[in-house]
Each structure stands twice: as structure tokens, then as C-alpha cells.
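Here is the structure we will look at.
The values are calculated or read from the model by the stated rules, or taken from the named source; none is laboratory data. Quantities reported herein were computed from a predicted structural model and do not represent experimental measurements. Methodologically, a virtual Cβ is constructed for each residue, glycine included, from the backbone with ideal geometry; neighbour enumeration extends over all protein chains shown. When the accessible area is computed, the model is the full protein with side chains, heavy atoms only, and any ligands, DNA or RNA have been set aside. Shrake-Rupley method; radii C 1.70, N 1.55, O 1.52, S 1.80 Å.
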Amino acid sequence: MTEQMTDARMFAALSATNEAILRAKSQRELYQSVCDAAVYGGKFKITGALLAEPDNSLRLVAATSENGIILAPTISVDAKSKRGQGLAGIAFRTARSCISNDVLNDERLRPWREDSARDGVGATVAVPILRAGTSIGVFLFCVAEAGSITEQIVALLERMVENVSFALDNFEKEDDRKKAERVSQRVARVFAAL
């Protein structure tokens, strides 16, 4: 796969993500659309969106795989946990992308090595999902070819996830607007009844 082909695929995924942001009606639909765009447009092997839970775990909320099989990984954000030492845990804690271009030989990924070998994953990028500068989750982007993750690819993935954060802000603003509208309607009904 040439660098130009990879960049073209990444731009296709970015374009599909931007389109999904415009069309998504819910957060879950948004996460799933990004996963779909990365796998079908960007030719990633597996993409998953994971959100933080109160127990310091990351829960899989959306995923797409080129073979259709999705297994929910057990991932922690706790630095003291062996399942918190992987890319997703590090990306979540540092609010910075974390990369492995050699998944099968990366000691940080030992707890998931069998899964990666079975799924044919050679390289992975974890990109944090940020809201107001704080991590709320992580996107994992997995490819078959070890050594194939470049700085340009990471930059495009970060842009995709920044666009997701922008969409999440818009969902929150719309929810706030609807709540304010409902309160205003209730107040109007109370005054009308007086």
C-alpha cells in the first residue's frame, strides 16, 4: 500500500466522518458512523469507540470490523492496572494519541496480544475523545500492516476525533435548548392556569 493510497483512504474516512456528523441524530449513531467510516472508507481493520465508566473501565459503545466480528476488550484507565497500561489507557490519561506500530511485540499490549494475533492487527492508534480538554473516552483504530501508522495518518485521525468532539458539544447544546424550551412551556402553562 503506497503512502498516497493511505492518505487518499484517510481523507475518504475524514470526509465520511464529517458527513456523519451532519446527519447523526444521537451520540451512539455518531460513534458508529465514525467506526464505519474508518473501516469502510479508511480501510482500517477494526475501529472502536470506548467511553469511560465510573469503575475506571472503558466500555465499547460502537465498533466496526472488516470481518464483522467484534469482541469487547477489557480496558482500564487506571495506571496501576495491567489492563490500563495499553494504548487506550495511556491515551485516556494523557489526553494524547498513543501509537503502536508493532502490536504483537509491544509489551504495553501483552494482555491483548492473542486477540490482536487472531484478528490480524499489526498496528494500532488510540485517540482520546476530549470534551473541554478532558478525556471522556478513546477511539481505537487498528490496521493489519505493522509499521504503517504515519504521523500524517495520526494527524488525520485526530482531526476526525476533534470533529466528533465538536458534534458532541452540539448535541449537548441542542439538549440544553430543548430542556429550556420545555421549562418555558411549563411556566407558560402555569401562568395561563392562574
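Which pairs have Cβ atoms under 9 Å, sit 6 or more apart or on different chains, and link a residue in the range 47-65 that is free of Cβ contacts under 8 Å to residues at least 60 places away in the same chain and part of a strand (DSSP E or B) to one that is among the charged types (D, E, K, R) and surrounded by fewer than 17 Cβ atoms within 10 Å (Cβ to Cβ)?
Short answer, once both residue conditions are applied: 57/78; 59/53; 62/28; 62/29.
Considering 157, 140, which residue is open to solvent by 20 Å² or more (accessible area, probe 1.4 Å), under 10 Å from the mean Cα position of the chain (by Cα) and not β-branched (Val, Ile, Thr)?
Numbers: 157 fails: open to solvent by 20 Å² or more (accessible area, probe 1.4 Å).
Only one candidate passes the filter, namely 140.
Scan the range 69-92 and give yes if some residue there is farther than 16 Å from residue 158 by Cα, of a type in the set (D, E, K, R) and touching a residue at least 40 places away in the same chain (Cβ under 8 Å), otherwise no.
Step one: filter the range 69-92 for residues farther than 16 Å from residue 158 by Cα, giving 69-86, 89.
When the remaining residues are screened for being of a type in the set (D, E, K, R), the result is 78, 80, 82-83.
Checking which are touching a residue at least 40 places away in the same chain (Cβ under 8 Å) leaves us with none.
Within the range 69-92, not a single residue is farther than 16 Å from residue 158 by Cα, of a type in the set (D, E, K, R) and touching a residue at least 40 places away in the same chain (Cβ under 8 Å).
Just to be sure, is residue 65 open to solvent by 20 Å² or more (accessible area, probe 1.4 Å) and either in contact with a Gly (Cβ under 9 Å, 6 or more places away or on another chain) or among the polar types (S, T, N, Q) (or both)? Even if it seems obvious, please write down each step before you answer.
Values: open to solvent by 20 Å² or more (accessible area, probe 1.4 Å): no; either in contact with a Gly (Cβ under 9 Å, 6 or more places away or on another chain) or among the polar types (S, T, N, Q) (or both): yes.
No, not satisfied.
Which members of the range 9-31 meet the condition of being within 16 Å of residue 126 (Cα to Cα) and modelled with pLDDT of 85 or more?
31
Filtering the range 70-127 down to residues that are part of a strand (DSSP E or B) and of a type outside the set (Gly, Ala, Ser), which residue is surrounded by the fewest Cβ atoms within 10 Å (Cβ to Cβ)?
So in the range 70-127, the residues part of a strand (DSSP E or B) come out as 75-76, 98-100, 123-127.
Keeping just the survivors that are of a type outside the set (Gly, Ala, Ser) gives 75, 98-99, 124-125, 127.
On the way: 75: 25, 98: 22, 99: 19, 124: 26, 125: 24, 127: 25.
The extreme case among them is 99.
Which of the residues spanning the range 140-170 are of a type in the set (Val, Ile, Thr) and outside any strand (DSSP E or B)? So that I can check it myself, show each step before the final result.
Applying the first criterion (of a type in the set (Val, Ile, Thr)) to the range 140-170 yields 143, 149-150, 153-154, 161, 164.
Once the filter is applied, which keeps residues that are of a type in the set (Val, Ile, Thr) and outside any strand (DSSP E or B), the range 140-170 yields 149, 150, 153, 154, 161, 164.
Quick check, is residue 6 hydroxyl-bearing (Ser, Thr, Tyr) and at pLDDT 75 or above?
Details: hydroxyl-bearing (Ser, Thr, Tyr): yes; at pLDDT 75 or above: no.
Considered against the rule, which asks whether it is hydroxyl-bearing (Ser, Thr, Tyr) and at pLDDT 75 or above, residue 6 comes out as no.
Of (1) within 26 Å of residue 8 (Cα to Cα); (2) hydrophobic (A, V, I, L, M, F, W, C); (3) in contact with a strand residue (DSSP E or B) (Cβ under 8 Å, 6 or more places away or on another chain), residue 156 satisfies all except one. Which?
Going through the list (1) within 26 Å of residue 8 (Cα to Cα); (2) hydrophobic (A, V, I, L, M, F, W, C); (3) in contact with a strand residue (DSSP E or B) (Cβ under 8 Å, 6 or more places away or on another chain), residue 156 breaks only (3).
Taking the range 103-115, which residues are farther than 16 Å from residue 50 by Cβ, in contact with a Leu (Cβ under 8 Å, 6 or more places away or on another chain) and not charged (D, E, K, R)? Step through it out loud before you land on a result.
Initial filter on the range 103-115 (farther than 16 Å from residue 50 by Cβ): 103-108, 110, 113-114.
Add one more test, that the residue is in contact with a Leu (Cβ under 8 Å, 6 or more places away or on another chain), and what stays is 103, 108, 113.
Residue satisfying the conditions is 103 alone.
Can you find even one residue in the range 36-51 that is at pLDDT below 90 and open to solvent by 50 Å² or more (accessible area, probe 1.4 Å)?
yes
On the given criteria, is residue 41 more than 16 Å from residue 123 (Cβ to Cβ) and touching a residue at least 24 places away in the same chain (Cβ under 8 Å)?
It is true that residue 41 is more than 16 Å from residue 123 (Cβ to Cβ) and touching a residue at least 24 places away in the same chain (Cβ under 8 Å).
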